[in-house]
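Working notes, beginning with the structure itself.
The values are calculated or read from the model by the stated rules, or taken from the named source; none is laboratory data. As the structure is a computational prediction, the values presented were derived from the model and not from experiment. Cβ placement follows ideal geometry from the backbone for every residue including glycine, while neighbour counts extend to all protein chains displayed.
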Amino acid sequence: MSETEAVKYSNLARPKAPGIGGLSPLQFLTLIGVVLVGMFLMFVVHFWVGMGWLALSLLLIAPWVLGTMALDKNPYGALIRRRRWSVSERTGRTALAQGPTGVLEHGSFALPGLMADSELLEAEDGYGVPFALIHHRGVDHYSVVIETAPEGTVGIDQESIDRKAAHWGTYLGVLSRERDLIGAQVVVETVPDTGLRLERAAMADVDPGAPEFALSVLRDVVGSGTAGAAQINTTVTLTFDARKGVEGAKGARDADTMADDIGTRLPGLIAQLRMTGAGFRLRARTAADIIDDTRVAFDPSVAAAVEQARNAGGTGLAWNDCGPVAAHAGKDYYAHDGSVSMSMMMAEPPRGVFYTLQLRNLLEPNARVARKRVALLYRPLDPTTSANLAEWRVTSASSDASTTRRRGPSERKKQRLAAAQRNAAAEAEGNPFVRVGMIVTATVEDVSDLPAAKQTLLNLAGQAQLKMRPCWGMHDVAFVAALPLGIVLPERVALPGVLRETM
């Protein structure tokens, strides 16, 4: 009997607006503008003034054009980020000290950065089950966190694994038809197991009158059973935009309206998620769950205390209690309440073929990085935008392929055009485009542990054929964005996404 062949995937590519001659639209328009201004100076002012303008302008534009064409990155972007971080460091904006003895007026331990304007609401779904709703007030986004219990792959045949992966693709297609849903976030976190869960389960049904020897053996087994063990927490966070989804509506919907709307749809979204292998014991997290987990994320040293308090009836923490007391955003790390984190972002997806279990080593626990968080950030596109993007990609690939040299277009450009045409055909059959990103965060106890953690993440990313880059100068932003709190990064930048893709 022949083994079932694993399904192959491919054709991941960075969004790019179609240009001319290998140049992006903004680069092409910039060159045209430079030439026109140069000609004007030549004829109106002086010939050499125009030539000087052209020489200086082309000298400044060359790194931008060559960098994006050869290295697929804008060198000026790195310079701007370094400059902004240096200014922030000099002005003290990279440091945070809050609480009763802090420098902030509110005196609480509020969440920093992109979560500073958030509030936590409580609502009920269509069946009366309570769930928490994170309101990002600055952008009118509402996020709900679904706690999952994945079945794993042990003992499951490859055909079943591929089927569940296909169901996940179908689920992303379902999300793209939710007109106000702008982001889906899958977070897989591996942390040291405190052992309290095993102890609680083992001691729950113990007879108080049992022999002391039997109780002693059970305690020894429980005490040694979690030595070196890891706990895996997996969540799916869905983010909705209150300004979208209603035809003819002006302004954003209020919190009560969004809570009712999301609560009505939430049971159906959770039911469809079960088909993807996310498990059958799915539930939306409550306010207490989100508060406690966020508190531990910023201060891992309290993990055991928080779990003990939850077993005893709850921690009693509020939303303004789960932020750090002190934090510092360094160039290559983010220090928070005695721990240090560094994050890496996916700069390039696998270029060739990849498989369903491509990320297994990156997701599973690793002995060299005790606390690791992998966040997959999805942005489903509505059917209209997806269709336009399919045509856009074909046009862009055709433009690059038509830029021939002496020996004609390169083989990579031909493959890119063929991939764009296959994606367009799949999109026409009802498979919409989904934009995806990834942030991987490692949390250690000391700055001296960061080099080993960084090398481990790079090795794991290399095994998955991913090109990862450290989040230089913005590790604080990446740390918060990788938490299961529903932050959609492209919606938080001043430059629109369409304009960024033209650069």
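Observations
- For the range 292-322, the set of residues classified as polar (S, T, N, Q) and part of a loop (DSSP other than H, G, I, E, B) consists of Thr315 only.
- Subset of the range 146-168 that is over 13 Å from Val7 (Cα atoms) and part of a helix (DSSP H, G or I) - its residue that is nearest to the chain's Cα centre (by Cα): Trp168
- Matching entry among Ala335, Ala347, Ala284 (being touching a strand residue (DSSP E or B) at 6+ places or on another chain (Cβ under 6 Å) and over 27 Å from Val369 (Cα atoms)): Ala284
- Count of the range 123-142 residues, restricted to those that are surrounded by 15 or more Cβ atoms within 10 Å (Cβ to Cβ), more than 20 Å from the chain's Cα centre (by Cα) and of a type in the set (Phe, Trp, Tyr), is 1.
- Number of residues in the range 311-336 that are farther than 18 Å from Leu114 by Cα and of a type in the set (Asp, Glu): the value is 1.
- Cβ-Cβ under 6 Å pairs, at least 6 apart or on other chains, the range 112-133 side assigned to a helix (DSSP H, G or I), far side of a type in the set (A, V, I, L, M, F, W, C) and modelled with pLDDT of 95 or more: Gly113/Val480; Leu114/Val480; Leu114/Ile487; Met115/Val480
- Identity of the residue in the range 382-441, of a type in the set (Lys, Arg) and outside any loop (DSSP other than H, G, I, E, B), that ends up modelled with the lowest pLDDT: Arg412
- Qualifying residues in the range 442-456 (those that are of a type in the set (Gly, Ala, Ser) and part of a helix (DSSP H, G or I)) - the one nearest to Val477 (Cα to Cα): Ala453
Residues checked against (1) in contact with a Lys or Arg (Cβ under 8 Å, 6 or more places away or on another chain); (2) loosely packed, with under 14 Cβ neighbours inside 10 Å; (3) in a helix (DSSP H, G or I):
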| residue | (1), (2), (3) |
| --- | --- |
| Ile32 | no, yes, yes |
| Leu36 | no, yes, yes |
| Phe43 | no, yes, yes |
| Leu58 | no, no, yes |
| Ile61 | no, no, yes |
| Val65 | no, no, yes |
| Ile80 | no, yes, yes |
| Ser88 | no, no, yes |
| Gly92 | no, yes, no |
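- Among the residues of the range 386-395, those that are without any contact (Cβ under 8 Å) to a residue 60 or more places away in the chain and either under 21 Å from the mean Cα position of the chain (by Cα) or crowded, with 16+ Cβ neighbours inside 10 Å (or both) comprise Ala387, Ala390, Val394.
- Residue ID - modelled with the lowest pLDDT, chosen from residues in the range 147-162 that are surrounded by fewer than 16 Cβ atoms within 10 Å (Cβ to Cβ) and charged (D, E, K, R): Glu151
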